[in-house]
1. Just reorder Tyr271, Tyr194 by solvent-accessible area, largest first, 1.4 Å probe, all chains present.
2. Under 19 Å Cα-Cα from Lys197, which lysines qualify once same-chain neighbours fewer than 8 residues away are excluded?
3. Roughly how big is the chain's charge dipole about its Cα centre, with Cβ charges of +1 (Lys, Arg) and -1 (Asp, Glu), in debye to the nearest 20?
4. Would you give the gap between the C-alpha center of the stretch 76-90 and the C-alpha center of the stretch 117-151, rounded to a whole Å?
5. Please list the non-local residues whose amide H lies under 5 Å from the amide H of Ala242, H modeled 1.01 Å from N, same-chain partners needing a gap of 5 or more.
6. Run the 1.4 Å probe and let me know the accessible area of Glu332, rounded to the nearest 10 Å².
7. From the backbone phi of the stretch 245-257, what are the Karplus-calculated ³J(HN,Hα) couplings (6.51 cos²θ - 1.76 cosθ + 1.60, θ = phi - 60°) in whole Hz, Gly and Pro given as x?
8. To the nearest 10 degrees, how steep is helix 108-121 against the longest Cα principal axis of the chain, on a 0 to 90 scale?
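The values are calculated or read from the model by the stated rules, or taken from the named source; none is laboratory data. Not measured: the values here are computed from a predicted model. Here the Cβ positions follow ideal geometry from the backbone for every residue, glycine too, while neighbour counts run over all protein chains shown. All accessible areas refer to the heavy atoms of the entire protein, side chains included, with ligands and DNA or RNA removed. Shrake-Rupley method; radii C 1.70, N 1.55, O 1.52, S 1.80 Å.
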Amino acid sequence: MNETATLRARAEIDLAALRANVRALRARASGAQLMAVVKSDAYGHGAVPCARAAREAGAAWLGTATPQEALALRAAGIGGRMMCWLWTPGGPWREAVEADIDVSVSGMWALDEVAAAATEAGLPARVQLKADTGLGRNGCQPADWPELVTAARAAEEAGVLRITGLWSHFACADEPGHPSIAAQLDVFRDMVAYAEKEGVRPEVRHIANSPATLTVPESHFDLVRTGIAMYGISPSPELGTAADFGLRPVMTLAASVALVKQVPPGHGISYGHHYTTSAETTLALVPVGYADGVPRHASGRGPVLVGGAVRRIAGRVAMDQFVVDLGGDTLEAGAEAVLFGPGDRGEPSAEDWARAADTIAYEIVTRIGPRVPRVHLHEDSGRD
C-alpha cells in the first residue's frame with residue numbers, strides 16, 4: 001500500500017475477503033442461488049468492483065435498489081441476471097427492459113408503466129411481483145394480490161412481460177425467534193401458492209435477507225439476497241459476530257495524521273470545548289470528519305487505533321477533522337490512524353463505531369463519502 005500512504009484518507013476494500021464471504025454465504029444457502037446486493041455503491045464499498053468480485057465467487061444474481069444503480073452496472077459491462085426494486089412513477093422502465101434487468105412491481109400503477117414501456121420497446125419485460133407479507137413498506141398487500149396477479153398474468157399471456165419472480169422481505173429476521181418471521185413465511189407461502197394456482201411459473205421465489213440466510217434455512221426457497229453479510233459485517237450482533245459466521249470485514253478506513261502538537265493542561269479541544277485536557281499532553285489531528293461519513297454522534301466516543309493504542313476521539317467530530325489525545329505519547333505527522341477494519345492489528349470494527357454512535361454497522365460503512373478514495377485490493381481473483 002505504499003502508493004496510498006500519502007492519501008489524506010482511504011477506504012481499503014479487500015475483494016479477496018468479499019469473494020470468500022460470498023462463498024461462505026453460498027455454503028449456507030441450502031442449495032439456493034445467491035443474489036449479491038450492491039445497492040448504495042455496494043454499501044459504500046464500490047459497486048462495480050464488488051459486483052465483479054461477487055460474480056467471480058458464484059453470485060448468480062446482482063441486486064440494486066434503484067434502476068439507476070442497475071443501469072450503471074450494465075454500462076460498466078456487467079452482465080447476467082440483475083434486479084432492481086425501488087421504482088417511482090416515470091422511472092426509466094424502457095431503459096431497464098432494454099438492458100434485460102428484472103424490475104420489481106408492487107402495484108397496478110407500476111405494472112401499467114412497465115407494460116407500456118415494454119410495448120414501446122418491443123421486448124417483453126422481466127417482472128418480479130413483490131408481496132407485502134408484513135414489513136409494511138413496498139410490496140402488494142394480500143387483499144390486492146389477486147388483482148395484481150390477474151393483470152400480470154394477462155400481460156404475460158399477451159407477450160408483454162414475463163413474471164420471473166415472486167418475492168418479499170422480512171421485518172425482524174435479525175431478531176431470532178421473533179414471531180413475525182414465521183408469520184411472514186406463512187403469508188409468503190400463501191401468496192406464492194395463489195400466484196402459482198393462477199398460472200405463474202416464476203424462475204425464483206425469495207424472501208431471505210442476510211440474517212435469514214444465516215439463521216432461517218426454511219426461508220431460502222430458490223434465492224437468498226445477501227447484503228451486509230457479504231461485506232463481512234454481522235447483520236445482527238445478537239445473532240453472532242462476523243467471525244462466528246465465517247465472515248471477514250471487507251472495508252478498512254484509515255487516515256494520515258495531519259499534525260501532532262503539545263498543549264498545556266486545561267486546553268479546550270474542538271467546538272464547544274466538550275473535552276479539556278487534564279494535564280500537559282500531545283494531540284493528534286486526524287483529517288476526516290462528518291463530511292467524510294465519520295458520525296458526529298460518535299464525538300467523545302469513537303475509537304481509533306493510532307500510535308499503537310486504541311484511543312477515543314477527544315471532543316466533537318468536526319466537518320473535516322477530529323482530535324485524539326495521545327496522553328503524552330509521541331507520534332510523527334503522517335502516521336496512520338485506523339478507524340475500523342477486520343481487527344488484525346487490534347483496530348476497532350465497524351460494529352465498535354456503531355455502538356459509539358448509537359446506530360448499526362450498516363450505516364457506518366455505507367455513510368463513508370465520496371471524498372474518501374476507495375482502494376480496491378486483490379481485484380485479480382487469482383490472488384485470493
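1. Descending order: Tyr271, Tyr194.
2. Partners within reach: Lys130.
3. 440 debye
4. 15 Å
5. Ser234
6. Estimated to the nearest 10 Å², Glu332 gives 140 Å².
7. 9, x, 10, 10, x, 9, 9, 10, 9, 9, 9, 9, 4
8. 80 degrees
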